[in-house]
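Colleague: Below: one structure in structure tokens.
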Amino acid sequence: MREEEIERLRGVVRDCVSKHLYSSAIFFADKVAAITSDPADIYMQAQALYLGRHYRRAFHLLNASQIVLRDLRFRYLAAKCLEELKEWDQCLLMLGDAKVDEHGNITDTRECNSMYLDKDGEDREINILSAICFLRGKAYEALENRAQARLWYKAAIKADPLCYEALECLIENHMLTCDEERTLLSCLQFGPEDGWLSSFYSCLIKKYDKENVLEAKFRELEQSGPNTKLSDKSVLCTLKSNTDLLACKAEYYHQCGEYQKCFELTSELLEKDPFHLKCTLVHLAAAMELGHSNELYLMACNLVKDYPQKDLSWFAVGCYYYCIKKYDQARRYFSKATSLDGTFASAWIGYGNAYAAQEEGDQAMSAYRTAARLFPGYHLPTLYIGMEYMRTHSFKLAEQFFMQAKSICPSDPLVYNELGVVAYHMKEYKKAVRWFEKTLSHIPSSLSEMWESTVINLAHALRKLKRYNEAIAYYERALALSTRSLSTYAGLAYTYHLQNNYTAAITYYHKALWFKPDDQFCTEMLTLALVDESRHGIDPIVESRSGGLFM
């Protein structure tokens, strides 16, 4: 057969692959390889077999060749076949021997040195070293050696920042702490044309930076800067409506506690791309916080219909039952989600929360501890363990776990809030004030109603320290966030009472009792305030000042 005829057959194979006609591709590739015995044609045949899901046959073909241990393409594809066959130990053996340090740098390449240092001729974009490191990480993760998996994923993204899958595994599986994520991104070697990718990656990691910092990153991706070359502008401008970027922004809104804003954005996104699963997860979380049970029901029905084998579908069902307070059913479906994917962090947290909602502390602790073991870079399981200890008044243990959560994610304001609460319970009011003030300083966006309780708690702690004017200022700040809190009015009334400002105290006791007429504390204190006022008389200066509060 003439060379041009053989080349034509090669073209037929490539075209069959592009049209997903894998049996045809296998048929013609087999003939080409038989005629030429060329390693490139044998590799093409193995690729066709792999794509046609004939993994055992593809592996046998590659392993039988004389160059499988010398050609990177052969060895990598053979390891990919073993990955599909779930033969993880054999997969690692096929990839060869290598070591990696704690920073994700390859330190030992005694076997197959070229495997890690040379770039294959066909490898024009993603460095094959990166792909091999990523496959090693997947193998170690499947073998439940998550420490090694984390190191090899780091090695993969360091070898080539374009290997997004490695970064995705590190982020989605919560393998790195906040500081580790930032450190890893800072040491990636992006090409001069990949500046946008660096900004995009920085939006993917945990989003606890200040509002102006994150908004600047989003703006950088959404619009071209003044010094951007014309050739770059078309790329940057298209990202303004990119679903992945908007999903990142929705995550940021959720972490800030702006649930309505998050829900509106995810609703808009899901109209454009109903099957964007990352956005779907954020949408479910926002709907949960807002108590939109109807939306959760519809989402769960659609997901179960479209993805019956997907963990997210049954997680959505669990969210619906949790929202309507049917915790037994919620647990069942959260458990089903974790059985489908043991690395689904949100399902583990939901499973624990469903137990905690019914005060079944031991089972909740078990779920949280499992999550903490599986996701060393995720601070919420440790935080929830601390909350469970606080619920049982084990304040010292609670404080230890809150400090541990702080070491994992030192920029989450919720951690500092819980440290403040536990310090308040231990009557360490100065320490409580420090933690609550730190909470407010770490809130990434402007104060929302979500942080009202923190402001009230800070006011309570200041009142305990007899810093009454400061306490009143924070109570009034809490009223600016919400005017429907019994605790705020009662605290404000009691503080004025302690200052002997009986008129103001009586006014706020009445306001508190308007929300809860049978509140014992406010009823008793109102009686005392009325007695004190009648005994001491009304100071006209105080009366004038207190009356001015309600103009």
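Colleague: How much accessible area per residue does the chain have, in Å², with a 1.4 Å probe?
Modeller: For the chain, the solvent-accessible area averages 49 Å² per residue.
Colleague: Sticking with this one: For region 13-54 and region 151-212, write down the distance between their C-alpha centroids in whole Å.
Modeller: Each part reduced to its Cα centre gives a spacing of 36 Å.
Colleague: Under the classification rounded if a/c is under 1.5, otherwise prolate if a/b is larger than b/c and oblate if not, where does region 266-401 fall, given a ≥ b ≥ c as square roots of the Cα gyration tensor eigenvalues?
Modeller: Because a/c hits 1.5 or more and a/b exceeds b/c, region 266-401 counts as prolate.
Colleague: Over region 399-551, what relative contact order in percent results from Cα pairs under 8 Å that are six or more residues apart?
Modeller: 14
Colleague: Quick one: pull the percent of accessible area on the chain belonging to carbon and sulfur, 1.4 Å probe, ligands and nucleic acids left out.
Modeller: The nonpolar share, carbon plus sulfur, comes to 51 percent.
Colleague: Nearest 10 degrees, 0 to 90: what angle lies between the long axis of helix 380-391 and the longest principal axis of the chain (Cα atoms)?
Modeller: 30
Colleague: R0 = 35 Å: FRET efficiency of Arg535 with Ile324, Cβ-based, nearest 0.05?
Modeller: The value I calculate is 0.10.
Colleague: Would you mind counting up the charge near Val422? Only other residues with Cβ under 10 Å from its Cβ, with Lys and Arg at +1 and Asp and Glu at -1.
Modeller: -1
Colleague: Further question on the same structure: Shape call for region 473-530 from the C-alpha gyration tensor, a ≥ b ≥ c root eigenvalues: rounded (a/c under 1.5), prolate (a/b greater than b/c) or oblate?
Modeller: Verdict is oblate for region 473-530.
Colleague: Give me the net charge for the shell around Ile157: Cβ to Cβ below 14 angstrom, other residues only, Lys and Arg +1, Asp and Glu -1.
Modeller: Residues close to Ile157 contribute a combined charge of -1.
Colleague: Here is a follow-up. For the chain, what does the helix formula give at 222 nm: sum of -39500 (n - 2.57) over DSSP H segments with n ≥ 4, over the residue count, nearest 500 deg cm²/dmol?
Modeller: It lands at -23000 deg cm²/dmol.
Colleague: Pairs to check: Lys158/Lys249; Lys154/Lys310; Lys427/Lys466; Lys249/Lys326; Lys278/Lys438. Give those whose C-alpha atoms are more than 23 Å from each other in this structure.
Modeller: Over 23 Å Cα-Cα: Lys158/Lys249; Lys154/Lys310; Lys249/Lys326; Lys278/Lys438.
Colleague: Just how large is the dipole of region 241-282 about the Cα centre, in debye to the nearest 20, putting +1 at every Lys and Arg Cβ and -1 at every Asp and Glu Cβ?
Modeller: Value, rounded to 20: 60 debye.
Colleague: For Cα pairs less than 8 Å apart in space and 6+ apart in sequence, what is the mean separation divided by the residue count of the chain, i.e. the relative contact order in percent?
Modeller: Once normalised by length, the contact order is 6 percent.
Colleague: Shape verdict for region 4-61, please, from the Cα gyration tensor: rounded (a/c under 1.5), prolate (a/b greater than b/c) or oblate.
Modeller: oblate
Colleague: Compute and list, largest first, the equivalent-ellipsoid semi-axes of the chain from the alpha carbon gyration tensor, each √(5λ) rounded to a whole angstrom.
Modeller: Three semi-axes, in Å: 59, 23, 22.
Colleague: Right, here's the next one. Starting at the first residue of region 500-515, write each ³J(HN,Hα) from the Karplus equation 6.51 cos²θ - 1.76 cosθ + 1.60 with θ = phi - 60°, in whole Hz, x for Gly and Pro.
Modeller: Calculated HN-Hα couplings, in order: 6, 8, 5, 4, 5, 4, 4, 4, 6, 4, 4, 5, 5, 5, 5, 7 Hz.
Colleague: Once the Cα atoms of helix 293-306 and of the chain are each reduced to a long axis, what angle between those two axes, in degrees from 0 to 90 to the nearest 10, is obtained?
Modeller: 10
Colleague: Which angle from 0 to 90°, rounded to the nearest 10, does the C-alpha axis of helix 468-481 make with the longest principal axis of the chain?
Modeller: 60
Colleague: I've got another one for you. Of all the stretches in the chain, which is the longest one without any exposed loop site, taking GluC sites (Glu not before Pro) in a DSSP loop (any state but H, G, I, E, B) with at most 14 other Cβ atoms within 10 Å?
Modeller: 145-358
The values are calculated or read from the model by the stated rules, or taken from the named source; none is laboratory data. Given the structure is predicted, the values throughout are model-derived calculations rather than measurements. We place every Cβ from the backbone using ideal geometry, glycine too, and count neighbours over all the protein chains shown. For the accessible areas, the whole protein counts, side chains as well, though only heavy atoms, and no ligand, DNA or RNA atoms are used. Shrake-Rupley method; radii C 1.70, N 1.55, O 1.52, S 1.80 Å.
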